[in-house]
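Visitor: Okay, here's the structure, questions in a sec.
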Amino acid sequence: MADRILVIDEGTTSTRAIVYDIDGTPVATVQAQLTQYYPEPGWVEQDASEIWDRTLAVAREAIASVGGADCIAAIGITNQRETVVAWDRSTGEPLTRAIVWQDRRTAARCAELREAGHEADIQRKTGLLLDPYFSASKMEWLLENEPAVAACDQLAFGTIDSFLAWKLTGGRTHATDASNASRTMLMGLTGGWDAELCALFGVDAATLPTIVDSLGIIGQTDPSLFGRAIPIAAMIGDQQSATVGQGCLAVGATKATFGTGAFILTNAGDTPPASAHRLLGTVLLQQHGRRSYALEGSIFVAGSLMQWLRDSLGLIVTAPESEALAASVPDNGGVCFVPALSGLGAPHWRADVRALVTGMTFATTKAHIVRAALEAQSHQIHDLMMAYRQDGIVWDSIRVDGGMIANNWLAQDLADITGLPVERPANVETTALGAAMLAAVGCGLYPDLACATSAMRGKLERFEPRMDGATRDARLSQWRDAISKV
Ligand code: ADP
């Protein structure tokens, strides 16, 4: 019986195919690296043909390793968001390199639009801030600077989900799910492609994909690819997928991914969130035509602080060593670290400020500094939690994943400083797992997402807050003092 799910997890640096059992256990994983091109400072491009070729190869290998396509009930796609592909519908071939989400080439154009007063309207409609990150200004750039795109009378635009779905279905489906569409800056949080925004960026809505549910049958794969047609039963952006994979289905449920930086998404329910703190409103997912939303915030410096302590200062030899060092001293010894090495992200949004370490004396050791660097993560999350609260969204717990949160000392400190339980799944691949859950519901293996998450989420470790109020208040007041100095 076909009761396994193939997830295509197309990330920025690699593409992976993972086959899941119905209980959420990954039974096969195949990964391939993707080439990044940096043709000019601030530009980041990828070859969409390479993305497709390597994705197809890893999918075929993963399917073969579990005995063939007959055991695969459905495919779920999760992907790097915002990246733009332009292709020719008549050939299915990309017209130029894809412009990757990190690409800053449209910064001046975004600044110009901001100065012309468009930001408030864009934020009200799309939940986003005027930034090169999002797809719209990248599409405009391609139309204005790439003759092959401008001249193509069969032009198709799409984010990576949409391009992969086109290829997988042999060109029969040009669709994107609402979570990916909500990162283009061309879709209203409550509607379809927005005519005014399409006009502002010069994008013809006829070149854009149809916006569909994040789960449900989106199309069937071309039988020549895997030996038989397999339904595509989910598409979702990577951060939204991780939010589902963490089971954040109730309003206030929050996931925080601690990698190089930290990405935080909170389920905001079925009303589009409006932030007064420059948090992003985004579609979490769409099911049966109804959308649920998330409020998204990002912290620039998380795991990268450990890399800096290791590689630039030589205070630690490995990042995991920070756990034992932090635990080796009873407290931070008065040291407080503001990790603004590349400015401060949400909710401060100060690209111009720089890092600071306060409170050092001759008694300060490297253990105090490393401990303060870990404590800084909890402080940053605490500030974000307060901003969400002021935007009307109250966290009930924090569900953590990402390489840095393997650090038990940090997980406990996060619970202590936020006063919330912190949950860490044994399976930290929450991005792919979320797409597996959605596809399992989308193809009918589970009746709804609540059933799928409870069956597939796996074992959790819980860290309960246990710090006394006075210690916590002292830590936060020390942090506020330090922040005020930058
Ligand atoms: P990304 O997906 O952004 O590449 P990962 O999720 O792989 O990042 O996390 C890696 C980051 O986590 C690195 O910056 C590393 O310094 C940090 N890290 C890994 N293990 C630990 C640990 N035990 N304690 C603290 N930081 C860690």
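Visitor: Going through Gly216, Gly252, Gly259 one at a time, which residue ends up being out of contact with any Phe, Trp or Tyr (no Cβ under 7 Å at 6 or more places or on another chain), surrounded by fewer than 24 Cβ atoms within 10 Å (Cβ to Cβ) and on the phi > 0 side of the Ramachandran plot?
Guide: Result: Gly216 is the single residue among Gly216, Gly252, Gly259 that is out of contact with any Phe, Trp or Tyr (no Cβ under 7 Å at 6 or more places or on another chain), surrounded by fewer than 24 Cβ atoms within 10 Å (Cβ to Cβ) and on the phi > 0 side of the Ramachandran plot.
Visitor: Run down Ser322, Ser298, Ser304, Ser292 and say which single residue is within 12 Å of the ligand (Cβ to nearest atom), in contact (Cβ under 8 Å) with a residue 12 or more places away in the chain, of a type in the set (Ser, Thr, Tyr) and closer than 27 Å to Gly76 by Cβ.
Guide: Ser298
Visitor: Looking only at region 150-159, count how many residues are touching a residue at least 60 places away in the same chain (Cβ under 8 Å) and either among the small types (Gly, Ala, Ser) or farther than 18 Å from Trp193 by Cβ (or both).
Guide: Total meeting the criteria: 4.
Visitor: Shifting gears a bit: List pairs: first in region 360-377 and closer than 16 Å to Ala474 by Cα, second of a type in the set (Phe, Trp, Tyr) and surrounded by fewer than 19 Cβ atoms within 10 Å (Cβ to Cβ), Cβ under 9 Å, 6+ apart or cross-chain?
Guide: Note: pairs meeting the criteria are Arg371/Trp409.
Visitor: Testing Val428 on (1) more than 20 Å from the chain's Cα centre (by Cα); (2) at pLDDT below 95; (3) β-branched (Val, Ile, Thr), one condition comes back false. Which one is that?
Guide: It fails just one condition, (1).
Visitor: Suppose we filter region 256-272 for residues that are assigned to a loop (DSSP other than H, G, I, E, B) and either touching a Cys at 6+ places or on another chain (Cβ under 8 Å) or closer than 22 Å to Leu215 by Cα (or both); how many remain? It would help to see each step written out before you state the result.
Guide: Of the residues in region 256-272, the ones assigned to a loop (DSSP other than H, G, I, E, B) are 259-261, 270-272.
From what is left, the residues that are either touching a Cys at 6+ places or on another chain (Cβ under 8 Å) or closer than 22 Å to Leu215 by Cα (or both) are 270-272.
Qualifying residue count for the region: 3.
Visitor: Quick check on region 348-367: of everything there that is in a loop (DSSP other than H, G, I, E, B), at pLDDT below 95 and out of contact with any Lys or Arg (no Cβ under 7 Å at 6 or more places or on another chain), which residue is surrounded by the fewest Cβ atoms within 10 Å (Cβ to Cβ)?
Guide: Asp352
Visitor: Hey, another quick one. Checking the conditions here, which among Gly252, Gly297, Gly303, Gly261 is at pLDDT below 95 and over 21 Å from Ala355 (Cα atoms)?
Guide: The conditions single out Gly252.
Visitor: Among the helices (runs of 4 or more DSSP H) contained in region 402-477, which hold 1 or more residues that are of a type outside the set (Gly, Ala, Ser), surrounded by fewer than 22 Cβ atoms within 10 Å (Cβ to Cβ) and within 14 Å of the ligand (Cβ to nearest atom)?
Guide: 408-418
The values are calculated or read from the model by the stated rules, or taken from the named source; none is laboratory data. Note that the coordinates shown come from a computational prediction; the quantities given were computed from them, not determined experimentally. Cβ sites come from the backbone with ideal geometry, for glycine too, and all protein chains shown count toward neighbours.
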